[in-house]
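Visitor: Handing you this structure, nothing more for now.
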Amino acid sequence: MGKGAARGRGLHKVVAVLATLSALVLAACGGAGGTGAGNGNSSGDKGSIEIGYIPWDEDIAVSYLWKQLLEEEGYRVTLTQVEVAPLFAAVANGSIDLFMDVWMPSTHGQYMDRFEDQVEVLGTWYDQADLGLAVPDYVEARSIEDLKQYADRFGKRIVGIEAGAGLMRVTRESAIPGYGFDDWELVQSSTPTMLAELDRAIQNREWIVVTLWRPHWAFAKYDIRYLEDPKGLMNPTGAEEIQMIARQGFSEDFAEVAEWLGRFKLTGEQLAELEAAIQDHGADQPEKGVQAWLEENRDVVEAWLR
């Protein structure tokens with residue numbers, strides 16, 4: 001084989017490699033979001049967006065809601081459930097695009113203190129969120145301070161959710177020592193497990209205290225209430241705002257999506273209806289409840305996508 005032929009084959013290989021790389025670059029560039037609001041009739045592929053979420057019901061609801069809306073507008077959307085601490089880190093390092101359930105300034109404040117310079121805050125969609133210790137209404141205790149008096153009835157046990165949740169941190173680090181319940185057990189489980197235990201206790205009229213938050217559909221389904229918090233340890237800053245954060249550069253890459261999310265707002269009634277629709281149509285298939293809610297609330301959505 002001559003040297004000229006070898007060089008020719010080598011050149012063809014280089015050209016082929018460069019052509020492949022060029023195609024990949026063009027495909028990647030095509031993923032950037034367009035500008036201007038959509039009209040619900042968009043076609044084509046506007047790019048891929050990954051939304052991370054935690055298993056809090058309002059986050060499940062709004063994450064599936066926006067998955068549906070963005071897919072209607074021509075985006076490819078992936079939803080990924082992640083524990084809260086690694087989710088903040090994933091948005092900060094750019095491996096996840098969006099997280100829509102950041103409670104500020106208290107519940108998730110420690111994470112924002114760490115990552116605020118590495119993420120974009122896209123807006124606030126709800127501003128009356130709070131945390132608490134909840135009991136069925138037939139329970140005689142009225143205040144967190146009363147728990148000591150009824151320790152035997154509760155088994156010195158508070159049923160919690162995921163260990164890394166901000167609600168658990170507030171309960172563990174503020175409420176329990178602040179009210180002197182150091183000999184009580186804060187049960188680490190999961191949100192579905194906590195809700196199942198709450199449901200079972202209510203069916204049997206047993207005494208139970210759980211970590212809970214509002215907005216949450218459980219307050220509509222069950223006759224439950226927060227225990228009074230005279231020391232203000234569960235909500236030291238008062239009502240919290242629920243914000244959306246994105247990886248750095250998201251607003252530039254997906255300008256129209258950032259604009260839509262900036263206009264996204266829900267009232268307490270609208271959110272309660274959305275969560276109820278998901279429960280009514282099967283919590284294991286949130287997209288069905290979202291679709292049902294959308295059929296009744298297209299006027300609400302159009303205000304975000306105008």
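Visitor: Distance in nm between label sites at Ala239 and Ala89, each 7 Å beyond Cα in the beta-carbon direction?
Guide: In this crude label model, Ala239 to Ala89 measures out at 3.5 nm.
Visitor: Further question: Given points 7 Å out from each Cα along the Cα-Cβ axis, report the Glu287 to Asp199 separation in nanometres with one decimal.
Guide: Taking the simple label geometry, Glu287 and Asp199 are separated by 2.3 nm.
Visitor: Of all accessible surface on the chain at a 1.4 Å probe, what whole percent is carbon and sulfur? Don't skip to the end; give the middle numbers.
Guide: Values: 6910 of 14200 Å².
Exposed carbon and sulfur together represent 49 percent of the surface.
Visitor: What does the extension gain come out to for Ser48 and Arg225, with contour length at 0.36 nm per residue minus their alpha carbon separation? The partial results should precede the final answer.
Guide: Details: separation 177, 0.36 × 177 = 63.72 nm, distance 4.14 nm.
Residue separation times 0.36 nm, minus the Cα-Cα distance, leaves 59.6 nm.
Visitor: Choose one of Gln248, Ala277, Gly262: the residue whose Cα lies farthest towards the positive end of the charge dipole of segment 222-306 (beta-carbon charges +1 Lys, Arg; -1 Asp, Glu; about the Cα centre).
Guide: It is Gln248, whose Cα lies furthest towards the positive end.
Visitor: Let me ask another. Please list Leu167, Leu122 from largest to smallest accessible area, probe radius 1.4 Å, with all protein chains kept in place.
Guide: Details: Leu167 0, Leu122 25 Å².
In descending accessible area the options line up as Leu122, Leu167.
Visitor: So in the chain, what percent of DSSP beta bridges are antiparallel if you round to the nearest 5? Spell out each step's value before the answer.
Guide: Numbers: 20 of 33 bridges.
Taking every DSSP beta bridge within the chain, about 60 percent pair in antiparallel fashion.
Visitor: While we're looking at this one, here's another question. What are the chymotrypsin sites (Phe, Trp or Tyr not before Pro) within segment 55-91 that DSSP puts in a loop, where the Cβ has at most 10 other Cβ atoms within 10 Å?
Guide: Answer by residue number: there is no such site.
Visitor: Another one. So what is the calculated 222 nm ellipticity per residue for the chain, using -39500 (n - 2.57) for each DSSP H run with n of 4 or more, over all residues, to the nearest 500 deg cm²/dmol?
Guide: -12500 deg cm²/dmol
Visitor: Would you work out the charge dipole size for segment 160-212 about its Cα centre, treating the Cβ of every Lys and Arg as +1 and the Cβ of every Asp and Glu as -1, and quote it to the nearest 20 debye? Could the numbers behind the result be given before it?
Guide: Working: 4 positive and 8 negative charges, 29 e Å.
Here the size comes out at about 140 debye.
Visitor: Let me ask something else. Heavy atoms only, 1.4 Å probe, whole protein assembly: order Asp199, Asp223 by accessible area, highest first. Before the final figure, lay out each step's value.
Guide: On the way: Asp199 45, Asp223 110 Å².
Putting Asp199, Asp223 in descending order of accessible area: Asp223, Asp199.
Visitor: Return a whole-number percent for the relative contact order of the chain, with Cα pairs under 8 Å and 6 or more residues apart as the contact set. Don't skip to the end; give the middle numbers.
Guide: On the way: 487 pairs, mean separation 80.7, N = 306.
Worked out over the chain, it gives 26 percent.
Visitor: Order Thr124, Thr193, Thr211 by their accessible area, 1.4 angstrom probe, all chains in place, largest first.
Guide: Details: Thr124 30, Thr193 65, Thr211 0 Å².
Order by accessible area, largest first: Thr193, Thr124, Thr211.
Visitor: Moving on. Given Cβ point charges of +1 (Lys, Arg) and -1 (Asp, Glu) and nothing else, what value in debye, to the nearest 20, does the dipole of segment 181-306 about its Cα centre take?
Guide: Details: 12 positive and 25 negative charges, 25 e Å.
Dipole magnitude for segment 181-306 comes out near 120 debye.
Visitor: Something else about it: Once both labels are modelled 7 Å past Cα along the beta-carbon direction, what's the Gln279-Tyr138 spacing in nm?
Guide: Taking the two extended label points, one gets 1.8 nm.
Visitor: Rounded to the nearest whole Å², what accessible area per residue is found for the chain with the 1.4 Å probe?
Guide: Numbers: 14200 Å² over 306 residues.
Accessible surface, normalised per residue, equals 46 Å².
Visitor: Rounded to the nearest Å, what's the spacing between the alpha carbon centres of segment 202-233 and segment 248-281? Just the number, please.
Guide: That distance is 26 Å.
The values are calculated or read from the model by the stated rules, or taken from the named source; none is laboratory data. What you see is a predicted model, and the numbers here were worked out from it, not measured in a lab. All Cβ positions, even for glycine, are placed from backbone atoms using ideal geometry, and neighbour counts span all protein chains on display. The protein model used for the area step is the full one, side chains on, heavy atoms only, and it has no ligands, DNA or RNA in it. Shrake-Rupley method; radii C 1.70, N 1.55, O 1.52, S 1.80 Å.
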